[in-house]
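A.B. asks: Below: one structure in structure tokens.
The values are calculated or read from the model by the stated rules, or taken from the named source; none is laboratory data. Remember, predicted model here, so these are calculated numbers, not experimental data. Neighbour counts are summed over all protein chains in view; Cβ atoms, including those assigned to glycine, are modelled from backbone coordinates with ideal geometry. Note: areas computed on protein heavy atoms with side chains; ligands, DNA, RNA excluded. Shrake-Rupley method; radii C 1.70, N 1.55, O 1.52, S 1.80 Å.
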Amino acid sequence: MIIYMTEGGKYFPVNAEKPRGLYINLTNRCNNDCPFCLREKKVMTAENSLWLESEPTADEVKKALDAAPFDIVTEIVFCGFGEPTIRLAELLELLKYVKKIRPQIPTRLNTNGLGNLEHGRNIESEFENILDTASISLNAATAERYLQITRSKFGLQAYAAMLDFAQNIKNYVPNVILTVVDKVTPPAEIEQCKKICEERGLKLRVRPYEDS
């Protein structure tokens, strides 16, 4: 599915009847390989699968958005089975598009925060005025633990790059949230993550683990 909604852990095409978030799926590709990721764990029927047979063009996504029930959409979220910033050009084009057609609806990006490493430059400023919330996967309290959990293709440098991205994007995006997963990150480490966020003026959200 290119765009979808959720309810009670279920994913389905856009046909909801009550207010909820609208999710946009751009890619299956990711520069991390987290064993706890939804893409590794979630069992989905063919008609409700988030796995893309091919990556949609920006025009295909726009067409899907044009048919969306925006009267019940509370937020527009770029996430999916892969890392959205890998398709940065399309991501930015679509963020601009939804701000143009539905400026009143908040936008969010769910990301691992490794876009700078992926593209070899700082990309944070490109989200100014088109993104309301950046939700970034923190996952761990140290670089070593982060690499163990995420198996990032960028190695140990990934952790510092992710934190720098989180701190830098605060200059351009109103809301920046770092996240950890409750059954992946132990309670003591979550406390360490809270301190890391406090020191950097960032918010921490503990996400529930999904295993099916």
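A.B. asks: Can you list residue pairs whose Cβ atoms sit under 6 Å apart, with the first residue in segment 131-143 being more than 9 Å from residue 110 (Cβ to Cβ) and the second being buried (at least 19 other Cβ atoms within 10 Å of the Cβ) and aromatic (Phe, Trp, Tyr)? Count only pairs 6 or more apart in sequence or on different chains.
C.D. replies: 139/146; 140/146; 143/159
A.B. asks: Quick one: which helices (runs of 4 or more DSSP H) lie wholly within segment 49-131 and hold at least 2 residues that are closer than 24 Å to residue 13 by Cα and open to solvent by 30 Å² or more (accessible area, probe 1.4 Å)?
C.D. replies: Details: elements: 58-66, 88-101, 115-119.
The helices (runs of 4 or more DSSP H) meeting that bar are 58-66, 88-101.
A.B. asks: Just to be sure I understand the filter: pairs with C-beta atoms under 7 Å, separated by 6 or more residues or on different chains, first member in segment 27-53 and modelled with pLDDT of 80 or more, second member of a type in the set (A, V, I, L, M, F, W, C) and part of a helix (DSSP H, G or I). Which pairs pass?
C.D. replies: 27/86; 29/86; 31/86; 34/149
A.B. asks: Assess whether residue 116 counts as being more than 22 Å from residue 36 (Cα to Cα), in contact (Cβ under 8 Å) with a residue 12 or more places away in the chain and over 17 Å from the mean Cα position of the chain (by Cα).
C.D. replies: no
A.B. asks: Got a sec? Which of 140, 166, 158, 134 is open to solvent by less than 10 Å² (accessible area, probe 1.4 Å) and either part of a loop (DSSP other than H, G, I, E, B) or at pLDDT below 95 (or both)?
C.D. replies: 140 is the lone residue from the list that is open to solvent by less than 10 Å² (accessible area, probe 1.4 Å) and either part of a loop (DSSP other than H, G, I, E, B) or at pLDDT below 95 (or both).
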